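None of the figures in this text is laboratory data; all of them are computed from the coordinates on show. None of these values were measured; they are calculated from a predicted model. Here Cβ is always computed from backbone atoms with ideal geometry, including for glycine, and neighbour counts include all displayed protein chains.
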């Protein structure tokens, strides 16, 4: 196994003068990027940072973020990438919890600064810090050393710091090579936020193989499509909400994206309607469905060539276990279940986290019986393909029947007037919970038509009992995930359960 230093060393000996990163007007080769990484590490040491000290980063995607992502672990420090859309209060919680000594940020001064010994502002302070002679990385960084604390979203309670080692993240990099087919002439668009596992999933692999990373500060569909065209992008990863928005814009105002060979998507489920629209917008492009979790560094399964499978039973699968990863469906006693039985998805392999920072009880619960317990409900067919049914917290129990929200969402999203949909359970005196849908439309449609559309697709007990129709986007996290907790809160106010 290796550490973050290995892809950097390989880049210097194999492709030092190839283009490494493109960010706006900035274009750097690998030699320059790695030199800047070593200068950053030296500058942090000059600020008094010691081995295993934590460095928080709160910033939009940029070439400096890539440098920090690489340099901090390679120098034996611990990276703490925080959600750039969080409030100072939310960020302060994570910063204090992690015990981070230094903050690297593009934010203006605020009360958050008081949580740190030093604040390095991008760009001026950062560039001044790099006005330091480069020094080699220490030669005793080990694969078992902590590389990063990656804080979960915290939508169901206080955010937890996921402890990922060099071994975890390098194992994920090798696993990614089994599906992304990155090559030296690839140009990979980094558009999902780098503080999220979806944004950083290809960083180490791109450095190792010599692919160019083109960095978009934040997602905006027109800008994304412009970059796909102007930078001749060959590969990228979009979360489903991004994929849907980019597909809509491409169909309305097409760009020349003939260079694009692969579009991967992950982080949350994509409806079949979104996938069919993506196939229409990007014909001839390979779709790859990825399933993972921050705790798995993040990749668990992959379904390559998804565009060829949409009309087959595998079209609803998220693929088979990625290289080096083992998956199983577990019952309530953590025993492995038979093919096609529904239970909790368990994962194990060298990519699985060390645990949750400072939370031994949560760690024991998540990693019991030698498996990472994902909280996802699914089944595995006889050929090893995983089919996700729902998040356990999103499953709706109505009148004693289990209703999986993703199935209802898929039914509603197949109507051509629907742009976005989220299905939640709301309190109901008769049924305990009732199925409720929040629908964003792209063209006029009424509730009765959507209800009737559902009745032709799914069983009656799964059909929404109520529906909200809006032309405003659904609430989303900065990583593009729909915030169902936000949608549930007004319905469950005053109840003791079911807001998470």
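With angles folded into 0 to 90 degrees, how steeply does helix 240-252 sit against the dominant principal axis of the chain? Use alpha carbons for both and round to 10.
80
What does DSSP give for region 395-492 in terms of the percent of beta bridges that are antiparallel, rounded to the nearest 5?
Of the beta bridges lying entirely in region 395-492, close to 75 percent run antiparallel.
R0 = 35 Å: FRET efficiency of residue 255 with residue 447, Cβ-based, nearest 0.05?
Efficiency for this residue pair is about 0.45.
Over 21 Å apart: what share of the alpha carbon pairs of region 1-89 falls there, rounded to a whole percent?
Counting pairs separated by more than 21 Å, the tail of P(r) holds 35 percent.
If you compute Cα Rg over 2.2 N^0.38 Å for the structure shown, which of (1) 1.15; (2) 0.97; (3) 1.20 do you land on?
Calculated Cα Rg over 2.2 N^0.38 Å: the matching label is (2).
Mind giving me the nanometre distance, one decimal, between the label points for residue 470 and residue 340, set 7 Å out from Cα along Cα→Cβ?
4.0
May I ask what percent, to the nearest 5, of DSSP beta bridges between residues of the chain are antiparallel?
60
If each residue of separation counts as 0.36 nm, what is the full-extension length gain between residue 87 and residue 428 once their alpha-carbon separation is subtracted?
Working it through step by step, the gained length comes to 119.3 nm.
What is the fewest-to-most order of 188, 372, 461, 93 by other Cβ atoms lying within 10 Å of their Cβ?
Fewest-to-most ranking of 188, 372, 461, 93: 461, 93, 372, 188.
For labels at residue 226 and residue 382 in the simple 7 Å Cα→Cβ model, what's the distance in nm?
For residue 226 paired with residue 382, the spin-label model returns 5.4 nm.
Rounded, prolate or oblate: which fits region 395-492 when a ≥ b ≥ c are the square roots of the eigenvalues of the alpha-carbon gyration tensor, with rounded for a/c under 1.5 and prolate only if a/b beats b/c?
oblate
Label residue 14 and residue 459 with points 7 Å out from Cα along Cα→Cβ: what is the distance between them in nm?
5.2
Taking only C-alpha pairs under 8 Å that are 6+ residues apart, what is the relative contact order of the chain in percent?
11
May I ask you to list the residues of region 1-17 whose amide nitrogen lies under 18 Å from a point 7 Å from Cα along the Cα→beta-carbon direction of residue 177?
Once the point is set 7 Å along Cα→Cβ of residue 177, 1-16 turn out to lie under 18 Å by backbone N, inside region 1-17.
Report the extension gain between residue 493 and residue 142 in nm, rounded to one decimal, defined as 0.36 nm multiplied by the number of residues separating them, less their alpha carbon distance.
Gain in length upon complete extension: 121.5 nm.
Estimate the FRET efficiency between residue 332 and residue 47 by the formula 1/(1 + (r/R0)^6), using the beta-carbon distance for r and 35 Å for R0, to the nearest 0.05.
So, using R0 = 35 Å, E works out to roughly 0.10.
As a check on your grasp of the helix formula, calculate [θ] at 222 nm for the chain: sum -39500 (n - 2.57) over DSSP H runs of n ≥ 4, divide by the residue count, round to the nearest 500.
My calculation for the chain gives -8500 deg cm²/dmol from helical runs alone.
For a test of the definition: using alpha carbon positions, the gyration tensor, and the 1.5 limit on a/c, classify region 18-175 as rounded, prolate or oblate.
rounded
Based on the mean of other beta carbon atoms within 10 Å per residue, what is the order of 343-355, 422-434, most packed first?
In decreasing order of mean packing, 343-355, 422-434 become 343-355, 422-434.
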